[in-house]
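All remarks here apply to the structure that follows.
The values are calculated or read from the model by the stated rules, or taken from the named source; none is laboratory data. Computed from a predicted structure; not experimentally measured. Note that each Cβ is placed from the backbone with ideal geometry, even for glycine, and that neighbours are counted across all protein chains shown.
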Ligand SMILES: Cc1cc2nc3c(=O)[nH]c(=O)nc-3n(C[C@H](O)[C@H](O)[C@H](O)COP(=O)(O)O)c2cc1C
C-alpha cells in the first residue's frame, strides 16, 4: 500500500463523536510553539526505542494528526564514536536527514560536551526541527550503568548545565527535555526540575506522569503533570501518559492546563489515533478505526518499508513486534501473535497476515 492508500484509510464516512466517544465539549487550545516550530495540532508522537524508526514515523505521517514526530532515543556517545571512526551514522537516524519536518530527534547521555557535539550535528547538519534530551528513561543500562536518563532527575542543576551547553550548540534550533515526575514517589521533584530546565534555555518540557521507579506500573498522574504548569514562565508543558483514545486526549486538554499532549504505546497498536484525536480536538466527528482489510493494507505497507531498509530476513524478524501491536484488541490476537512471532520469511508473514486480516472489506 502506498502513501495515498494510507491516507485514504481514514477518509471513510465518519460517525459522530458520540459513537466512538461520549459527547465532549471541545477545549479552547492555545497554539503550541516550540521555539520557532509550530506544533499543530498540539499532539506529539512520543519517542520509543525499538519502535519509532523511519518506517513507523512514515506510517504516522501518512495517517496524519501528529503535530510533531520523534525518533527513538539516540546514544550520543555511540554517535560520537561512530563519527570518529568514520563509520555509518547510528541506525536510529535512519531517514532523519531526508524525511519531512517537523521532526524531533531525541538523544541521551550525561556528558554536556558529548550531548552538545551531537546536538550541534543534529541541528546544523541534519537540520532537525527540535533536539530533545532524554531525562526519563528508567532502563537499567541507561540509569545504573550510564548514569543518564532518569538518573539525572536527582540533580536538576546538573541537568541545567547539560541543557545550557546543548542550547548554545544547537541555536537557533530549539532544545527540549523529556522527564518523569521524579526518580521515585518519595522524591517527586518535577517542579524543581522544570524550573532548572526552563532556566537553562529549553524551549519546551514534556512530563510523563510516572516516576522512574514505576517503570510502566500504575497510572500516569495528570494532576502532578499539571502542577508543573504554574512554575513555568513561558515555555510550553506537554503532558504524557496513558492517552489511548481521542476522548482521553480531549479530556486531557479540558481538565489539565497543558499546552500539548504526547502519545506513545497506544499509537503502536493504533497509529491512526493521532488523526482521530486531532479531529476530536477540532470538534469534528471521529473516523471509525480501520477495518481488518484496511489494517491488512497497513501491515503490508509497514512491512514493505521495513524490508526496503533491512532486507527480507531481518525485516521479517523486526516486523513481528509491530504486527503484534497492530493485533492488540482484535479477535484472535493471541493466535495471531503466537504464529507471527515464529514467521521467518516474507511468505510466512504474508500468509499469516492474510489469514487473520482478510481482504473482505466487510469484516471488521
Ligand atoms: C517500548 C518503549 C520504548 C520507549 N522508548 C523511549 C525513548 O526512547 N525515549 C523516551 O523519552 N521515552 C521512551 N519511552 C516512554 C514513552 O515515550 C512514554 O513516555 C511512555 O510510554 C508513556 O506514554 P504512553 O502511556 O502514551 O505510552 C518508551 C516507552 C516504550 C513502551
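Structure above, values below:
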quantity	calculated
Residue identified as within 27 Å of residue 125 (Cβ to Cβ), assigned by TED's automatic domain parsing to the domain that holds residue 144 and surrounded by fewer than 24 Cβ atoms within 10 Å (Cβ to Cβ) among 201, 218, 209, 182	201
Among residues of the range 49-77, those that are within 16 Å of residue 134 (Cβ to Cβ), crowded, with 24+ Cβ neighbours inside 10 Å and more than 15 Å from the ligand (Cβ to nearest atom), counted	0
The range 17-62, residues that are in a helix (DSSP H, G or I) and either in contact with a strand residue (DSSP E or B) (Cβ under 9 Å, 6 or more places away or on another chain) or modelled with pLDDT under 95 (or both)	17, 18, 19, 20, 54, 56, 57, 60, 61
The one condition in (1) crowded, with 19+ Cβ neighbours inside 10 Å; (2) closer than 29 Å to residue 314 by Cβ; (3) over 10 Å from the mean Cα position of the chain (by Cα) that residue 81 fails to fulfil	(1)
Residue, nearest to the ligand (Cβ to nearest atom), within the range 257-274, restricted to residues that are assigned to a helix (DSSP H, G or I) and surrounded by fewer than 24 Cβ atoms within 10 Å (Cβ to Cβ)	266
Matching entry among 122, 115 (being within 16 Å of the ligand (Cβ to nearest atom), modelled with pLDDT of 95 or more and more than 20 Å from the chain's Cα centre (by Cα))	115
Test: residue in the range 101-110 that is under 21 Å from the mean Cα position of the chain (by Cα), away from the ligand (no atom under 16 Å from the Cβ), within 19 Å of residue 170 (Cα to Cα) and surrounded by fewer than 23 Cβ atoms within 10 Å (Cβ to Cβ)	yes
Any chance residue 293 is in a helix (DSSP H, G or I) and surrounded by fewer than 19 Cβ atoms within 10 Å (Cβ to Cβ)	yes
Unique residue being out of contact with any strand residue (DSSP E or B) (no Cβ under 7 Å at 6 or more places or on another chain) and outside any helix (DSSP H, G or I) when the list is 210, 254, 158, 217	217
Qualifying residue in the range 228-246 (condition: assigned to a strand (DSSP E or B), more than 14 Å from the ligand (Cβ to nearest atom) and either in the same structural domain as residue 175 (by TED's automatic domain parsing) or surrounded by fewer than 22 Cβ atoms within 10 Å (Cβ to Cβ) (or both))	yes
